[in-house]
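Please treat every number below as a calculation from the coordinates, not as lab data. Note that the structure is a prediction, hence the values are computed from the model and not measured. Cβ coordinates were reconstructed from backbone atoms using ideal geometry, including for glycine residues, and neighbour counts include every protein chain displayed.
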Amino acid sequence: QLSCLLHSLMSQSVSGCQAVAKAKKSVAVVGAGAAGLAVAATLRRSCLVTVFERSSDFVGGVWNYSSDRNGGPMYCRLRTNLPKEIMAYPDWEWRRPAGVSFVDHDSVLEYLRSYCYDQGLDKHILFGQEVLSVSQSASIDDTSPTDTGSRSWIVQTSRSGPRTFDAVVLANGHYAKPMLPRLPGIENVPSGLVSHSCTYRRAEDFKDKVVALLGAASSGQDIALELTSSAEHVYLCHRGPRLQSALPKNLTELYAMDSVNFDANNNQFHIFVSTDDSSSAIGKVQVDHVMFCTGYDYNFPFLASELTRPSHVPNLYMQVAHCTLQGLFFVGLCTHVVPFPQFHLQSKLIEAILLGQLKLPDDAESTSLRDEAEKLASGVPARHLHLLGDDQWDYNDQLADLAGCQRFPVVMRLIYDDVRLERKLRLVDFRQWAYSITGPDSFEKRFVS
């Protein structure tokens, strides 16, 4: 059937690179979200895998919706920005819902739970164990049967003493620590009038309010549109190109939000914005609430602070393996990508390294540092060093080649590009398209009203 075709095509990349280790290495995985589950599924046969999950009894990470405003970035009516036809892990078919491509968070969570429990991945997960510390042993371990001459990794959790592993994979995501801009005047605004998108849950909470959003990436655009159903007016403030799609009448784009002012005597809240892209003129707009849709910092509080930055993780080979600390890996750092399939390929790269099938190049560290310096010098912001976008396809092919896997079919990119175009031209209803895979380089779509 057509719904199974991409699954069949992508599964070939799995069967083509199965490997069994003679002496299994012990691997700690931090997080049982979509990235951590991909790592566990890949390494469970070739390694001894232990997954540490902070939550008491559930997998899926950020895809668990909670009405609690501190419960994560999911909001009530969220639907995916990508169709499920290209979101699936290559070794696990998306079973339902049929006829719908852009699914809600409950459907994604159901898929992840099926991926976990139907394969028995839960046997590798220790729930309710928040990782407090990940560090490399001070001395070389000459007694290890798998890694003679290397340093082991020590993991300390909230419910157990130190445990030693041959390797650690950090898959705890990057949606936990909101990135808050330094906006002049914001420190004088009452806390209830300012928020980050991570606390947003329902449009009804802003009924008849005038709301200004700062940031127009995916979350900013989606929340702005949703707010128009309840808010009196919504202002979307950003420095990027103006949106090409038709927008609701009560949604207005503004240029950068430069500062804010709260007049406590008159209880008035104003934002000051550039009125054009030259930033030469400043406009004053009265609002009831400001919401930052400014993304998240990378956050690994259990690691030595010098190893990571809020904006990015430096010194990595293929955005996965640390160049100098043997046995330290990251999965899921990249942004603006099709995530689940990429998690799988990154996990396959880790497996190839752990099994000795792939060795990091001698110049891995110098190459990584040089590439980072060149990007920064060219004007790429540090927070975009893990942003791939169109580069994800060449990156995925490199991962597959290095891990000895078959590359993903080109239809994934074709659908991704089509969705991006539809979103640009018809932001309000692009999710009404339903996609079907018809071949390794072809697809069909229909508009479901």
message: Run the simple label-point estimate for Asn315 and Arg202 please: 7 Å along Cα→C-beta, distance reported in nm.
response: 4.9 nm
task: Using Cα centres only, tell me the gap between the stretch 287-301 and the stretch 80-125 in whole Å.
output: 27 Å
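Which value, in debye to the nearest 20, describes the size of the charge dipole of the chain about its Cα centre when Lys and Arg Cβ atoms bear +1, Asp and Glu Cβ atoms bear -1, and nothing else is charged? Write down the numbers at each step before the final one.
Values: 42 positive and 49 negative charges, 138 e Å.
The dipole of the chain has a size of about 660 debye.
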field: Ranked by how many other beta carbons lie within 10 Å on average, peptides 233-239, 193-199, 358-364 from highest
entry: 233-239, 193-199, 358-364
task: Check cross-link reach from Lys348 to the lysines: straight Cα distance under 25 Å, and skip same-chain residues fewer than eight apart.
output: Lys22, Lys24, Lys25, Lys84, Lys123, Lys359
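For Arg420 and Phe447 in the same chain, what is the full-extension length gain: residue separation times 0.36 nm, less their Cα-Cα distance, in nm?
On the way: separation 27, 0.36 × 27 = 9.72 nm, distance 1.55 nm.
Difference between extended and current length: 8.2 nm.
Give the calculated FRET efficiency between Leu48 and Val410 to the nearest 0.05, with a Förster radius of 35 Å applied to their Cβ-Cβ distance.
On the way: r = 37 Å, r/R0 = 1.05.
The formula returns an efficiency of 0.45 here.
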query: Tell me, what is the FRET efficiency for Ile140 and Thr367 to the nearest 0.05, using R0 = 22 angstrom and their Cβ-Cβ distance as r?
result: 0.30
- line: Pseudo-spin-label distance Phe127 to Gln244, built 7 Å along Cα→Cβ, given in nm, is 4.7 nm
statement: Expected vector for the stretch 50-64, Karplus 3J(HN,Hα) from phi with 6.51, -1.76, 1.60 and θ = phi - 60°, integer Hz, x for Gly and Pro, equals 10, 9, 9, 10, 5, 5, 6, 7, 9, 9, x, x, 5, 7, 7
- prompt: Calculated from DSSP H runs of 4 or more alone, at -39500 (n - 2.57) each and per residue, what is the 222 nm mean residue ellipticity of the chain, nearest 500?
  reply: -7000 deg cm²/dmol
- prompt: Taking a spot 7 Å from the Cα of Glu232 along the direction of its beta carbon, which residues of the stretch 178-210 have an amide N less than 14 Å from it?
  reply: 206-210
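Quick check on the chain: of the DSSP beta bridges with both residues there, what percent are antiparallel, nearest 5%?
Values: 34 of 67 bridges.
Restricted to the chain, the bridges split so that about 50 percent are antiparallel.
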- prompt: What whole number of Å gives the distance from the Cα centroid of the stretch 177-222 to the Cα centroid of the stretch 29-58?
  reply: 33 Å
query: Peptides 384-392, 89-97: what's the order by average Cβ count within 10 Å, highest mean first?
result: 89-97, 384-392
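For the stretch 173-229, with only Lys/Arg (+1) and Asp/Glu (-1) charged at the beta-carbon, what is the dipole magnitude about the Cα centre, in debye rounded to 20?
Numbers: 6 positive and 6 negative charges, 31 e Å.
So the magnitude is around 140 debye.
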- request: Collect residues whose amide H, placed 1.01 Å from N in the peptide plane, falls under 5 Å from the amide H of Ser101; neighbours closer than 5 in sequence don't count.
  value: Tyr435
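Return the tail of the calculated pair distribution for the stretch 180-294, meaning the percent of Cα-Cα pairs more than 23 Å apart. Walk me through the numbers on the way to the answer.
Numbers: 1420 of 6555 pairs.
More than 23 Å apart: 22 percent of the Cα pairs in the stretch 180-294.
Based on the mean of other Cβ atoms within 10 Å per residue, sort peptides 177-183, 211-217, 377-383 so the most packed one is first. Intermediate results must be reported in sequence, preceding the final value.
On the way: 177-183: 13.6, 211-217: 22.9, 377-383: 11.1.
Those peptides, ordered most packed to least, come out 211-217, 177-183, 377-383.
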task: Identify the residues of the stretch 212-247 with backbone N under 19 Å of a label point that sits 7 angstrom from the Cα of His384 along the Cα-to-Cβ direction, or state none.
output: 214-221, 237-244
task: Quick one: what are the phi-derived ³J(HN,Hα) couplings along the stretch 287-294, Karplus 6.51/-1.76/1.60 with θ = phi - 60°, whole Hz, x for glycine and proline?
output: 9, 9, 7, 10, 10, 8, 10, 10
- request: Return the lysines within reach of Lys209: Cα separation strictly under 28 angstrom, same-chain partners fewer than 8 residues apart disregarded; answer none if there are no such residues.
  value: Lys177, Lys249, Lys284, Lys424
Rounded FRET efficiency, nearest 0.05, which uses the C-beta distance separating Ala98 from Asp391 and R0 of 35 Å: 0.60
message: Can you give me the long-range amide H partners of Phe443? Hydrogens built in the peptide plane at 1.01 Å from N, cutoff under 5 Å, separation of 5 or more residues or another chain.
response: Thr438
- prompt: Long-range amide H contacts for Leu236: which residues qualify at under 5 Å (H placed 1.01 Å from N, peptide plane, sequence gap of 5 or more or a different chain)?
  reply: Leu213, Thr252, Glu253, Leu254
task: For the stretch 324-390 and the stretch 403-449, compute the distance between their C-alpha centroids and round to whole Å.
output: 26 Å
